[in-house]
Every structure is written in C-alpha cells, then in structure tokens.
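Right, one structure below, let's go through it.
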Amino acid sequence: MYKVLLKKLWSPPRALAKLLLIMKLTTLILITAFLQVSANTFAQKVSLSERNASVTSVLDRIRTQTGYDFFYKSINTKNLTNISIQVKDMELKEVLNRILSPQNLEFEIDDKSILIREKQKSFFKKMIENFRAIDIRGKVVDENGQPLAGASVVVKGKSKSVKTDQYGVFFIENVDEKDKLVISFMGYQNLEADAAKDMGNLKMIVENAELDEVVLVSSGYQTLPKERATGSFVQVDNNLLNRSVSPDIISRLSDVVPGLVFNRNGITPREAQSPISIRGQSTIFARQDPLIVLDNFPYTGDISSINPNDIESITILKDAAAASIWGAQSGNGVIVITSKTGKFGQPVQVSLNTNITVQQRPDLYYLPQISTSDYIDIEKMLFQRGYYNSIENDLAKTAFSPVLDLLIARRDGKISATEADSQIDAFRNKDVREDLRKHLYRNSVNQQYALNIRGGSQNQRYIVSAGFDDNLASTVGNSFSRTTLNATNTYTLLKQKLELTTGIYYTASTNLSNAISNSEMNISSARPLYPYASLTDQQGNPIPLAHVYRKSFLDQAHAQGLLDWTYNPIVDQQLMDFKTRLTDYRVNLNAKYNISSSFSAQVLYQYVNNTSQTLWRQDKDSWYVRDMVNRFTIVSPTGTLTRPVPYGDILTISDEQALSHNLRAQLNYNKVFTNKSGLNVIAGAEVRELATKGFSNRHYGYDSKLATSSIVDYLSNFTSYVNPASTVNRIFASNGLRDLTDRYISYYGNAAYTYLDRYTFSASGRYDQSNLFGVTTNQKGVPLYSAGASWKIDQEQFYQLSWLPSLTLRATYGYNGNIDKTLSAYTTAEYRAAHQSITGLPYASIINPPNPELRWERIRMVNFGLDFKTKGDILSGTIEYYLRKGMDLIGQSPLAPQTGMTVFRGNTAETTGNGIDFNITSQNLRGSLHWNTDFFVSYATDKVTKYLVKPTNIAGSYLSGGTVVPAENRPLRGVYSYNWAGLDPANGNPRGYLQGEPSTNYTAIRSSTTFDDLIYHGTLRPLIFGALRNTISWKGISVSANISYRLKYYFRNPALNYGTILAGAGGHSDYSLRWQQPGDELLTHVPSMPLLNQSQRNDFYNYASVHVKRGDHIRLQDINLNYTLNKDRMKALPFRLAQIYLYANNLGIIWKAADGHLDPDALSSFPVARSLACGIKIDF
C-alpha cells in the first residue's frame, strides 16, 4: 500500500487555525449526537468451562457453538494472557465482555461476524489529544548511512507501528508530541528517540552479538541459521565476493576462507574441476578437488561458465556434519554456490556493474636461462669436438642453428674465418625474448559488463540478468568471450501455500587458442629455439626461423616442386584458427507446498545441457599443413608428385555433449517451540543421470567455401619424403566416439534439535548407489552418516564472563565418501580402430581387470569447534581442530606376474590427517572512521598409513619433484633428496655419500640408496597458510589490503643439467657459476662441466639436497579502493547508489625464506603478473 504525501503550499495564521479547529470540533460533536445508534441485544446463549486457556481457543469454542466468525484488528494474539472461565447459558454479549474487557479489548457484532479491537478512547479524550497530535517523518540508516529497509518503528507504549520502506523512510500520523519512538532492526541495537515532525536520519548501531541470528548457511539441501549448525560452515557473502575482480567465481575464494587453499606448482591433476583443496588431501587416485554445487545441484560443467555477477554467496562445507549430506561426493569438501534472487514485496531494482582489468605481460626474463654468449660458445665447442657430425649426416635432415650453419660454411671454405666470427659475434648481443615479448605477448585486457533487474510483489519475485565478458589473453592470438542470460521467477499460490520457482540459465562462451607457444618454435624435438633468433628483420617484416629441417634440404625439396617448407612464426600465428565454443543450458524447476506452518514438501528438478565444440582449422598455408603434405609426398622417377595428403585446409572437429537430469523429492519440518526449542528435519530421495557423448573427426583437403573435404587412405603405409628409410608411416586420423552414462540413486535425511536455545543435536544419513560400482549387491551402495552437537555455554546460569558474552562449543563425527570414476567392478576395455594398429586390424586394450569387491572410498572426520565473541563484538572468531582418516582408498597391490598384470588397483590404501582452522575478526575503530581486521591461519597435514606396493627403484620413485608414489608414514606429496657432500676440490664433481663416506660413484649411490637413506625435507603442499586483511573506511571511502602467507613447505629449485648443455640445447643460467678451478668449491655448488654427458651425475646433482629450499613466504596479494556515492548524502544524484572501485592484484612477495628471485609457487612457469582493475557499480 502506498501513501501520497502532499506538501502544504499555504498555512493559515495561528489564530485563524485555532478558530477553524473549534468549528471542526463543534460540527463533529453535533453530528455525533444526532447519529447515536442503539446497539441490538442478542439472546444467543453460550456455555463454557475453560481453565488457563488461550483467548483464541476460547473464542474458537464460541464460534463452534454460535456460528459467529471472529476477526482481529491490529491485535497480536500472542500477547494476550490466558484466561479461566465457567458459564452456563449466558448471553453472548456478556460472555464476550467477561473475556475481552480484562484484555483491554472491545468488540463489534455485524451480522454473523464479530470484530475485536483495542478499546477506543472516549471522544472527548481523543479531542484533547488531537491538540497535541503531530505527523512524523524520518529515515532509518545503518552505520554507513545506507538505508535500512524493513526496520520497525514503534510508538513506545502504544500500538502504533510501521515498517520503513525500501529507502529506509517511515511516516506515522497522529503521534503525541510527547511520545517516544523505538526503532529496531535485526542485528542492530534498539534506538529510542523523541517524536518530532522531522526526525531526520536515525543512525542505527551494529550489535554484532545478535548478528549471527540472521546469518544463514546453505548446504544445498536446506538453509539454516548458523547458530543452529553444529558442523563446520564458512560463508563468503556478496560483499566479500565482490571485493575482488575476476572473470570467474572460484578465484574469488583465494586467501579468504580458512582451510581452503589453491594448489600450485603442478599439484592439481589436469582433470580436476578446480585447483582447490579443503583441509588437505585424503585420497590418492580418486577425485581430489571439492564438489561444486550450484543452486542445489552438483555442477559438472566448466567453472568459467559461471558469471560471478550472478552469485549472491558461497558456503564452504568442511566437515562431515556439514558435507555428509552429499554422501559419496563429499570426501574433499563441498562448495555451495547460491545465485541471486529477487525478494517478495521489493520494488524494481536495477544494478549495472562494469569494469576493465589490465594485467602486465609475463616477464620472459623470469626463468633463469643461459646467456646468448655462453650458448654460442658451447655451440662452437661442440662443433670443434665433432658433436654435430652425426646430426649433419642423420636421415632426419635436422635443422642447424644459424651459428652452426656459419661454422659449417667456414669449415667447408664457403666463407672466411673472419667473416664467420664477425657474423657469429653479432649474434651475442641478441636475445630472442625481446622479440617474443614484442610480437607474441601483450598486456592482457579483460572487460566485464553485468546488468541485473530484480524485484517482486506480494506473490511473486523475479530476477533477470545479463552479462558479457571480453578478455584478451597475454599471449597474442588467445582470447575468451562469454555471454550469460538468466531469468528466475518465484510465484506463490493458494494463499501462499504453494511456491513455484522456475529458473533458466544460458551461457555461451568462445575460447580462441591461436597463440604460438615456445615449444612450437623449437629447432627440433630435442632442442629449443636458439636464444639469438630474430622474428623480424630490421624493417619489422616477419622472417623465417631455422625449424625442424635444415635449409639445404628445404631448398632441395622446393626445387622438386614441394610446397614452401620454411617456418615463420608470426605469419603462422595469423593463420591459426583454433576455437572452442561452450554452451551451457540449465533449467531449474522447484515446487514447494506448505502443508502447515512447520511442515512442507518439495520437488526439485534440474536439466543441464553442456555442449563443447572444438574446431581446429589449420590453413593450407600454415606450416603444419605444408609439413604434413610434404612429408607424405611421393616423387616418381620422372619427377611427378603424388600427394596422399591433399593440399588444403585440415579441419579437426571435436564435439562433446553432457546431458544431466536431477530429480529430488524432499520433506521439510521446521518447528520452533515456546520453550526456546526447535526441531529441523529434512528427508528425501534423489535420482541423477549424467550422459556424456562425444565424437571427433578430421577432414583433409577441407574447403571452407564449399564445405567439402577429400578422402584419404588411413590404413596404408607410406614412405617418408624426409627419410626414405622410414617406410611405415600412416596419415594421422583423429576419429573417435565416446559414450558414458553415470547413474546415481540416493536416500538421505538430516535432523537438528535445539533445546532451550542452548543445546543443539544433529544427525545426518545418506545411502548412495551408482552404476559404476558393484557386482556384489552389498557393495553397490554405501551408507554415510554424521552426528554433531553444540553447546551455547554463555546461556548457562553459571556463566558469568561479561567480557565474553558469546561462547559456543561444537563437536561432530561422521563419514564422507569419494569415488574413482576410472574404475569399475567389471572388466573394461578400450576399443581401437584398425588405423591405430600396426597390423592394420582393430584391437582392444584392457583398462580394468574385474574387481567384484570394488567399493566406495570413505573418509572419517572428527571436528571440534569453539565460536566466541567479546563484549561489543570487538573480537569474534572460531577455532576448529579436526581429525581425518581415509579408508578403503583406491591403491595398488602387487600381483603375481603369471596373472598378466604386476599390480592391481583396488580398495587397499589408507591415510590419516589432522589440522587446525582459526579465524578472528577485530573491530579496531568505530564511528566515522572505521577499521576492522580479519585474520585466519590454517594447519593441515596428511599421511599415508597403508600402501601395499613398495617401489624397487627408490630414486626414480621419490626424486622426480613432488612424489606421486605414496610412502607409508609420509605425506602424499613429500620432497626427498640425496645427501649432499659438496664439490670435489680436485675436479668440481658433485659428491654424495656411499657407506658414510663422500663419493662420486653415482651408479653405486643410486643403486644402494634405500628409502631411509633419502633426506625427507617436508611436504610440497604448505602445512600452514592464511591471510591478514585490513579494511579502513571513512565516510564514502574504503580501502582494503590483503596479505597472504604460506609456511612449512619445500620445493626443489631448478638446477643446471649438463645433459642439455652438452646437447647444444641451452640450460640454466647457473652455467656461469660452475666450478672451473680448485677453490671454486668454496664459492659455488655448481659442478664443473664434464667432457661428455653423464646422466647419473646429472641426476644426482639435480636431486641433491642443496637444491631443496623452504617455500615459506608472505605476499601482498591485493588492495581494493572504492568510493561510494549515496543519494542520501547527494540528493541530486540520478541513482540510488554508485560505487567507483580500483582493485590491484598479485602485487608481489614481501618476504620469502629462500634466496634468489624465483617465486616459490612458480618454478617452471611465469608467475601471475600484476593487474589493475577499475570499475563502477550503479544501483537505481
């Protein structure tokens, strides 16, 4: 209902105003006198006998006896006191007087209806009060001056009350000028103020001790108050999500959630949906990343398809009580993502958010690389030794670098030594990284636009949103664009008993991958691009590189009529056409029927259609196509050319479609009892099917204008034009089909009972079945459960700590599950077509042997938590300690060789882990200058306690970076090394220990080293991690800085390998620090260069303890600066609110334990570059 307030244009003089008022009152008295109506008497008889009964129940008895219906006007029946009454055959009017008069109520009978209201004051008393009555107007705002919609404004001691509108404004008529107003809003202290015509802005003060009452956490099955949750939940609200700027939603969780860490340095498996671990790792071969839930259902699509501007909040489920409701998918934790929705009774709100992010191009000089001059000197040395003689004569026609070409020309007398040396020395000042930086890299630019419109009426709420992202990657040729459209509507029907929700989500994205990688420019498969290469001439025109084949061979081929075989990376990049299109449709349907105020039933359904189409069109003039055509070309004795691979484009198509159906039926019971107790129960069942189908094929001689291609012979063997001795060569075929179906059926239940608002007990159970498992019936499913309890100690009578008014203890116990989808209880094989066989016949390869005892992995979790808040909410936080045990984990077991397999993969492994999550928030300053601090620290360990396969090659199993071979009583990702004995003073050879003595017998050291002989340094994954975030705000300005840290972990520093140096393939810049003369061993640990490559020597040095460093570091992760413009402070603004923001990310390392310039989290690739985003968000 809307009220129209008219501003008076003219006010009469005071004396005249009083005269007019007297005339009004006189007229009113006369009219009242003439219109007096006598009340009818009613002879209806009533009999009652009630003791300590509620007024409403007694009136219900009267309704049953008399047929009269009762209506209440502005009365809260819960505030009425219970009554006792015993009458027999008494008139209705007298009975009602007996009941209602003590309650200060009166009634009015009209036909068969009785209206009950508060007693009206006498006419003359009202007339006197009207002389003092005023109309008041005001606005309720929060501590930042933002309007509080829905705040309650009550005239103290009276029944008059209103709610503030969406702008925080309220208006109350006929208020005594001596009255007081009481304003209340959940999460804020009550405010009392004297009544006045213009109340102005009434600022509320946060009372954080009550704030938890309105904080809700979502499990994906239900939403419940955080204070009634026994499990470990962490909610990331919309403000924290929007603090950072990124095109994806998952990266916004970095360094803000206790227990959640982003894995780096290659720890994340390629098939993982996200690089996240929650509370460490409890599995070995099964899925390692957490389950992603989007709007109540598991999300299996590409995370980049989710627009962060459509997301309202994210809840992290970390322990069994929180996550076990998700059963066999919850072993690694659960991330529950909730999309934005409209609100009932909300006026239309329009929000526009746009930003642009610029990120520095990668620092190509970051990775240590041998200098150009040293590289040339090594080439000259190897040439003098005759190393390249075999390459000159090889049948592969391997390409020569320009320096090697000059050395050959000088040797063969084609140029003088002076001329050769002059041209070679000209290369020494050249560094190809500058050309790469200039032509193949750039600053990345991300643009983001988002619009959403939401609102609602009494019986409907809705949201419509649209988003567009356009991103240019730092590598030239790569880009990403995304369009999202969403529409969600909720309708209430049947007097708001039935709630229907429909949601349609559409995402379309295009990813272009047309950049040239460094490896594509390698001079050969074993030798990278030489450091003195030039991509352009002095005029900036692209020029060819020495690539794969030597120039003399290319000239010969061209003379025979073959296609131009030269390689020009800049031109080739422009011919690339590699795109992936992702289309994601999601349809959500939800029907909920409220059977009573406490009991409801709902059915949820989701349909998902994820389509991925990859089109890789290689232009006929690209080097790839020309190379393939030429390699298969047949030259007859007469010079006639036959091309088994037609000269034309090559089009490779890969298409995959994933269709999923999710259906859930659920009963909900939520009852709050009068004794501050409550019961919340859900129970349901769900079925799920995920069907994935895909195909791939390749078209040779493709003509895009005519959409035609040529037929090629995939089965015949052809002789290579490059190497005539190679006669078994087949044309590559990229043809395949894929068809997978996963089905699940589950039954679940969850209950939580709160007693006296003090003790809460919870229990959860789930039974999952899947078509992936089971020959044995009792192995097809897995029961998983949890139990928990919480105790609000501060509610106890004995609790007297006034400085700590909130203290809650929680404990949970339960089981989560996990699944390895690569395994099956049945024998499975992969079929291969004839063209993939040497024999030209189709064949099949066994992937899994039969395993009828295969079962789900289980993870047992015990969690203890303590939540606290000090007086005035100066400090608040949580500390949690947990224990984790992985059981029935997929591991490998040894098998007898006569079975045809040496190892068997099944449920044979176990792990344990424990950790601590601690977070604390402090309110350092309040008022116009506000300063708060958020700090968290997490400690997470894991250990393998059972693994049956014991490697025989110790060095090969545990010294290749972070180990992937489990070792009992050690972490899953351990860092090991040889014991380092320094350099031999006589010759600079690296030394280890053999039988306790320094030795250079590398073969003996390697073969005799046992697992116990290896030095165990620690884990590759940080044991301790966290962040410190400070936010300072003053009026409309706010600045926030986040400092993250990772501690107690190790990494292996990249080291010099003489195997690449002596192969003319370059290497580490430590080459310049090598031992060259006695005494150098006191200054360096880099060994001398041997005459010939010694692989055992290289391996020992690379895996010696001297290269293992502590990864501990602290970095300034990001800074957010924003300024908010508010219509309340600037009335002329055409919008309600606008926020201008700057966000700087990846700012740099403040401190690190290891020396050198390398980032401990970026050892073999470029670190994430600094970026700066600026944007504006406008709410209308």
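Numerical summary
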| item | result |
| --- | --- |
| Elements of type helices (runs of 4 or more DSSP H) contained in the stretch 397-468, each with 1 or more residues being touching a Lys or Arg at 6+ places or on another chain (Cβ under 6 Å) | 417-427 |
| Long-range neighbours under 6 Å by Cβ, at least six apart or interchain, first residue without any contact (Cβ under 8 Å) to a residue 40 or more places away in the chain and in a strand (DSSP E or B) within the stretch 74-92, second polar (S, T, N, Q) and surrounded by 10 or more Cβ atoms within 10 Å (Cβ to Cβ) | GLN86/SER49 |
| Per-region count, the stretch 689-710, residues farther than 14 Å from SER612 by Cβ, assigned to a strand (DSSP E or B) and charged (D, E, K, R) | 3 |
| Which listed residue, of THR912, THR921, THR933, THR952, is surrounded by fewer than 17 Cβ atoms within 10 Å (Cβ to Cβ) and either within 32 Å of the chain's Cα centre (by Cα) or outside any loop (DSSP other than H, G, I, E, B) (or both) | THR933 |
| Out of SER509, SER474, SER444, SER481, sole residue that is closer than 22 Å to TYR1143 by Cα, touching a Leu at 6+ places or on another chain (Cβ under 7 Å) and either in contact (Cβ under 8 Å) with a residue 12 or more places away in the chain or buried (at least 18 other Cβ atoms within 10 Å of the Cβ) (or both) | SER444 |
| Hey, SER977 outside any loop (DSSP other than H, G, I, E, B) and either free of Cβ contacts under 8 Å to residues at least 40 places away in the same chain or in contact with a His (Cβ under 8 Å, 6 or more places away or on another chain) (or both) or not | yes |
| Total residues in the stretch 566-588, condition within 23 Å of GLU686 (Cα to Cα) and surrounded by 15 or more Cβ atoms within 10 Å (Cβ to Cβ) | 4 |
| Sole residue being more than 23 Å from LYS318 (Cβ to Cβ) and at pLDDT 90 or above, chosen from TYR831, TYR815, TYR826, TYR799 | TYR799 |
| Search result, residues across the stretch 1064-1087 that are crowded, with 19+ Cβ neighbours inside 10 Å and among the hydroxyl-bearing types (Ser, Thr, Tyr) | TYR1071 |
| Filtered residues of the stretch 336-391 (kept if touching a residue at least 40 places away in the same chain (Cβ under 8 Å), outside any loop (DSSP other than H, G, I, E, B) and more than 30 Å from ILE1140 (Cα to Cα)) | THR372, SER373, ASP374, TYR375, ILE376, ILE378, GLU379, LYS380, LEU382 |
| Those residues of the stretch 1040-1074 which are among the aromatic types (Phe, Trp, Tyr) and touching a Lys or Arg at 6+ places or on another chain (Cβ under 8 Å), in sequence order | TYR1045, TYR1049, TYR1050, PHE1051, TYR1058 |
| First in the stretch 533-558 and assigned by TED's automatic domain parsing to the domain that holds LEU406 and without any contact (Cβ under 8 Å) to a residue 12 or more places away in the chain, second anywhere and surrounded by fewer than 20 Cβ atoms within 10 Å (Cβ to Cβ) and among the β-branched types (Val, Ile, Thr), Cβ under 6 Å, 6 or more apart | ASP537/ILE543 |
| Test for SER596: is it surrounded by 15 or more Cβ atoms within 10 Å (Cβ to Cβ) and among the polar types (S, T, N, Q) | no |
| Filtered residues of the stretch 233-247 (kept if in a loop (DSSP other than H, G, I, E, B) and over 16 Å from ASN1146 (Cα atoms)) | ASP237, ASN242 |
| Count - residues of the stretch 851-867 that are crowded, with 19+ Cβ neighbours inside 10 Å, within 23 Å of ILE278 (Cβ to Cβ) and either of a type in the set (D, E, K, R) or over 24 Å from the mean Cα position of the chain (by Cα) (or both) | 5 |
| Residues of the stretch 674-715 satisfying the condition of being touching a residue at least 60 places away in the same chain (Cβ under 8 Å) and out of contact with any strand residue (DSSP E or B) (no Cβ under 6 Å at 6 or more places or on another chain) | ASN675, LYS676, SER704, ASP713, TYR714, LEU715 |
| Residues that are among the small types (Gly, Ala, Ser) and either over 14 Å from PHE761 (Cα atoms) or not in a strand (DSSP E or B) (or both), drawn from the stretch 784-831 | SER802, SER806, GLY817, SER824, ALA825, ALA829 |
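The values are calculated or read from the model by the stated rules, or taken from the named source; none is laboratory data. Computed from a predicted structure; not experimentally measured. With ideal geometry, Cβ positions are generated from the backbone for all residues, glycine too; neighbour counts draw on all protein chains shown.
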